[in-house]
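Participant: Before anything else, here's the structure in question.
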Amino acid sequence: MHAHLTNCIQALKDLWQGDPRAVAFSMNGSGGRGSDDKWSDGDVVLVVKDEAYPAIREEMRALMERICGKICAWITEGDSATGVNFAFLFEYGGEQFLFDHSLLCEGSIHESSQLDAGIIFFDESGALTQANASYAAHRPSFNVENLINTYLIYAQITGKYYRRGDTAKLLYIQNTLQGLHLKVLAALYPQRKFTGWWCRDIEVLSEEHQKTILLYAAPPADDHIAALTRRELDLFAADARAACAIRGIEFPEDGEAFVRKHLTDSGVFV
């Protein structure tokens, strides 16, 4: 991480640790996972006493500009009565940076079963530590049979959109198939940590499976998407069969054959 962002996070830690309204503070994102590099953004989480939330929320922009640098763009994400994330672009020393500063009420942390808090700097009540541990231990459950059949249905729809020459919907199908394939891989490798965001989840895959998932990032050309679809289905079916095998369930051979015939009849498979 850039030295200025590191300095900003340290300054924020000192600020909030000295503020009696703050009860916990952590660094998440790539910095919290230890996978940051010189291009990484800053990501932090602040938990405050419930009654202090409205006042601190109003103070945030001025505080961030004082600590980080001149703010050039500022947005709120997931804004509610108990939490918000401030994402902002700022300039310092002729360079541009992105920062995310989440602000949460203490009560919402006690109610939350899990939260990706990353590296915790201080936590007076222990609630953030507990939520972070729950997040780290969480393993999503998957209905593999339903995932496979959903993939086959969306793959079948490719034929309709290919016949129509509807490139936008072909790209939508590619995006959907990519997500479904990743979920099957998450079911196949339950010991690995999947978050639901493919750009992060691809990092826990083997090099071979990374290439598989990137196949779905197709350029906007109908024939190119059609050419990829057979390879994608081949790779998905292999992974899905493996996921079925470790769960002792049957792979839907008839369903796959039906989809392959349809895609052949539609001209997708040539």
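Participant: Six or more apart or on different chains, Cβ under 7 Å: which pairs go from a residue in the stretch 185-199 that's modelled with pLDDT under 80 to one that's among the hydroxyl-bearing types (Ser, Thr, Tyr) and in a loop (DSSP other than H, G, I, E, B)? Could you list them?
Facilitator: none
Participant: Another question about this same structure. Checking the conditions here, which among Asp37, Asp43 is under 21 Å from Thr195 (Cβ atoms), in the same structural domain as Asn132 (by TED's automatic domain parsing) and in a strand (DSSP E or B)? Talk me through it step by step, then tell me what you get.
Facilitator: On the way: Asp37 fails: in a strand (DSSP E or B).
Just a single option satisfies the conditions, and that option is Asp43.
Participant: I would also like to ask the following. If only one of Asp79, Asp116 is in contact with a helix residue (DSSP H, G or I) (Cβ under 8 Å, 6 or more places away or on another chain) and not aromatic (Phe, Trp, Tyr), which one is it?
Facilitator: Details: Asp79 fails: in contact with a helix residue (DSSP H, G or I) (Cβ under 8 Å, 6 or more places away or on another chain).
None of the others qualify; the one that does is Asp116.
Participant: Here is a follow-up. Given the conditions (1) loosely packed, with under 13 Cβ neighbours inside 10 Å; (2) over 30 Å from Thr212 (Cα atoms), report the number of the one that Ser141 does not fulfil.
Facilitator: The number of the failed condition is (2).
Participant: Can I ask one more? If you check Asp123, Asp79, which single one turns out to be acidic (Asp, Glu) and more than 23 Å from Ala11 (Cβ to Cβ)?
Facilitator: Asp79
Participant: Out of the residues in the stretch 183-201 that are under 10 Å from the mean Cα position of the chain (by Cα), in a helix (DSSP H, G or I) and not acidic (Asp, Glu), which is surrounded by the most Cβ atoms within 10 Å (Cβ to Cβ)?
Facilitator: Here is the first cut: in the stretch 183-201, the residues under 10 Å from the mean Cα position of the chain (by Cα) are 194-201.
Subset that is in a helix (DSSP H, G or I): 198-201.
Okay, now just the ones that are also not acidic (Asp, Glu), so 198-200.
Details: Trp198: 19, Cys199: 8, Arg200: 14.
The residue in question is Trp198.
Participant: Moving on. Any residue at all in the stretch 62-73 that's more than 16 Å from Ser102 (Cβ to Cβ) and assigned to a loop (DSSP other than H, G, I, E, B)? Spell out how you get there, then give the answer.
Facilitator: First pass over the stretch 62-73, keeping only residues more than 16 Å from Ser102 (Cβ to Cβ): 62, 65-66, 69-73.
Next, only the ones that are assigned to a loop (DSSP other than H, G, I, E, B) stay: 69.
Yes - at least one qualifying residue is present in the stretch 62-73.
Participant: Of the residues that sit in the stretch 3-38 and are acidic (Asp, Glu) and more than 18 Å from Ile56 (Cα to Cα), which one is nearest to the chain's Cα centre (by Cα)?
Facilitator: Taking the stretch 3-38 first, the residues acidic (Asp, Glu) are 14, 19, 36-37.
Among the residues that remain, those that are also more than 18 Å from Ile56 (Cα to Cα) are: 36-37.
Working: Asp36: 16, Asp37: 18 Å.
Residue satisfying both the conditions and the ranking: Asp36.
Participant: Further question on the same structure: Checking Ala218 against (1) in a helix (DSSP H, G or I); (2) touching a Leu at 6+ places or on another chain (Cβ under 8 Å), which test does it fail?
Facilitator: With respect to (1) in a helix (DSSP H, G or I); (2) touching a Leu at 6+ places or on another chain (Cβ under 8 Å), Ala218 is out only on (1).
Participant: Looking at Arg260, Arg241, Arg230, which one is in contact with a Phe, Trp or Tyr (Cβ under 8 Å, 6 or more places away or on another chain), free of Cβ contacts under 8 Å to residues at least 12 places away in the same chain and assigned to a helix (DSSP H, G or I)?
Facilitator: One residue alone meets the criteria, Arg241.
The values are calculated or read from the model by the stated rules, or taken from the named source; none is laboratory data. Treat the numbers as computed from the prediction; the structure is a model and nothing was measured. In this analysis, Cβ positions are derived from the backbone assuming ideal geometry, glycine residues included, and neighbour counts consider all displayed protein chains.
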